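Notes follow the structure.
The values are calculated or read from the model by the stated rules, or taken from the named source; none is laboratory data. All figures in this text were calculated on a predicted structure; none of them were measured in a lab. Here the Cβ is made from the backbone with ideal geometry for all residues, glycine too, and neighbour counts use every protein chain on show.
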Amino acid sequence: MSILPASPVKPLSLREYVLLMAALFSMVAFSIDSIMPALPEIAALLVPEDVNRAQLLISAFVIGAGAGQLIFGPLSDSIGRRWSLALGMALYMIAAFAALWAQSLEALLFWRFVQGAGAAGPRTCGMAMTRDLYEGRQMARVNSMAFTFFVLVPAIAPLIGQWVVLGFGWRHMFTTYILLAIVILTWFLLRQPETLPPDRRRPLSPRPTVKAFAIVMKSKVTLIYMGVITFAFAQLMAFISSAQQIFVDVLGAGTKFPIYFAVITIFSAASGLLNASLVMRIGMRRLAQAGFAVQTVLAGLTLIYWSFYMPQGETALIVFCLWATTLFFLNGLSFGNLNALAIQPLGHVAGTASAVIGAIPTMAAIAIAAPVGLAFNGTPLPLLTGVTICSGLALALMQLDRHNDH
């Protein structure tokens, strides 16, 4: 007898499915954004001699999430989406419990890596389930609607993190992660049917997995959009890695930092709704391309302005918040479309494809974002430079797929 509840038979309504996908995708975002208010305390306790190293707790989690997708993608194609997702959640909770007791930054980094690997389960299986059920622009529409709700989670994540840190100490952030995982996993198991029937599953052995990986890597369209996703995610992770220090040390936001972060992300949530309404008429590629073009210009202009005028006080805070809102808003026009464009040709290996499309860009993005974060010099200039370059390169890459009418 299976230890999991029996798979429901009745499909979810579109509304509940979108909310569930948003919750699954939010596991990664919440685990990244909620720990930001804890970084100063962790740095003071574990690495007082080099406080910038505390940023690596974000990078370790994201690298783990990237690597974990290479496991959970083929696994979900073999044993189904429900079992794979449940195993990922279990690993996430075990790692969070171990991190709760870590006594050094190195131990904490290791368990954050493992926690990220576990979070790859819901992320990868969620993408694969959406590809099982939808395709093309309809898939991008579902992803965009999920993003609209999903963005509210990272909006409140730093506020929740600050509340936990101030009330209970930074270690109990990991208790919070365990409780969140229990709630989402229970909802998923009781409500979401299996989307991959046994006759469509692939054996879990090296040869089929390598074959599926080769199929993904031979798709020119997929490779182009994996590169674009890399630059899009790199600029977002560079912002998240630098945000706490910029808001607190440069802009003087203090304990109001989570509030500013929440306002920025909530205002940008409208991009998901806008994309969902426009994508069926305009197309995924055109919308994403427009987003990168606009962000290249805006980030470049903000970089020039900051370099020449070095604004201070309220002016600096307003300028930075306005620009940051455009970064999140324009990413909202891109991510759902980019993932749909990348996985579109690969429905027959959706699990492995979603893993590769998630894993390689994630790990490559951290290789770009981490140096940008560590380059923090008391100004936002390294971040603005990094975003300008990333958006420009993403836009250039998209020109290699000019004839795609999706």
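Scanning the stretch 186-225 for residues that are in a helix (DSSP H, G or I) and among the basic types (Lys, Arg) yields 191, 200, 207, 211, 220. Output the qualifying pairs, or none if there are none: Cβ atoms under 8 angstrom, residues six or more apart or on different chains, first residue in the stretch 97-117 and free of Cβ contacts under 8 Å to residues at least 40 places away in the same chain, second residue not in a helix (DSSP H, G or I) and not acidic (Asp, Glu). Close Cβ pairs satisfying both conditions: 111/102. Of all the listed residues (224, 264, 304), the sole one being aliphatic (A, V, I, L, M) and in contact with an Asp or Glu (Cβ under 6 Å, 6 or more places away or on another chain) is 224. If you check residue 308 against the conditions, is it farther than 17 Å from residue 391 by Cβ and buried (at least 21 other Cβ atoms within 10 Å of the Cβ)? For residue 308, the condition - farther than 17 Å from residue 391 by Cβ and buried (at least 21 other Cβ atoms within 10 Å of the Cβ) - is not met. For residue 238, the conditions (1) closer than 24 Å to residue 328 by Cβ; (2) part of a loop (DSSP other than H, G, I, E, B); (3) of a type in the set (A, V, I, L, M) are fulfilled apart from (2).
Residues in the stretch 185-203 that are under 21 Å from residue 3 (Cα atoms) and in contact with a helix residue (DSSP H, G or I) (Cβ under 9 Å, 6 or more places away or on another chain): 185, 187, 188, 189, 191, 192, 193, 194, 195, 196, 201.
Scanning the stretch 218-258 for residues that are exposed (fewer than 13 other Cβ atoms within 10 Å of the Cβ) and within 24 Å of residue 396 (Cβ to Cβ) turns up 218, 220.
Looking at 41, 16, just one residue is over 24 Å from the mean Cα position of the chain (by Cα) and surrounded by fewer than 19 Cβ atoms within 10 Å (Cβ to Cβ), and that residue is 41.
If you check residue 174 against the conditions, is it closer than 20 Å to residue 354 by Cα and not basic (Lys, Arg)? For residue 174, the condition - closer than 20 Å to residue 354 by Cα and not basic (Lys, Arg) - is not met.
Looking at this structure, is residue 183 surrounded by 17 or more Cβ atoms within 10 Å (Cβ to Cβ) and either part of a loop (DSSP other than H, G, I, E, B) or among the hydrophobic types (A, V, I, L, M, F, W, C) (or both)? Give the derivation first.
Details: surrounded by 17 or more Cβ atoms within 10 Å (Cβ to Cβ): no; either part of a loop (DSSP other than H, G, I, E, B) or among the hydrophobic types (A, V, I, L, M, F, W, C) (or both): yes.
No: the conditions fail for residue 183.
I'd like to know if the stretch 3-12 contains one or more residues that are in a helix (DSSP H, G or I) and either surrounded by 13 or more Cβ atoms within 10 Å (Cβ to Cβ) or in contact (Cβ under 8 Å) with a residue 12 or more places away in the chain (or both). No, the stretch 3-12 has no match at all. The criterion of at least 2 residues that are at pLDDT below 90 and surrounded by fewer than 24 Cβ atoms within 10 Å (Cβ to Cβ) is met by the following helices (runs of 4 or more DSSP H) wholly inside the stretch 45-145: 56-79, 105-133. Looking at the stretch 283-305, which of the residues that are in contact with a Pro (Cβ under 9 Å, 6 or more places away or on another chain) and not aliphatic (A, V, I, L, M) is surrounded by the most Cβ atoms within 10 Å (Cβ to Cβ)? Selected residue: 302.
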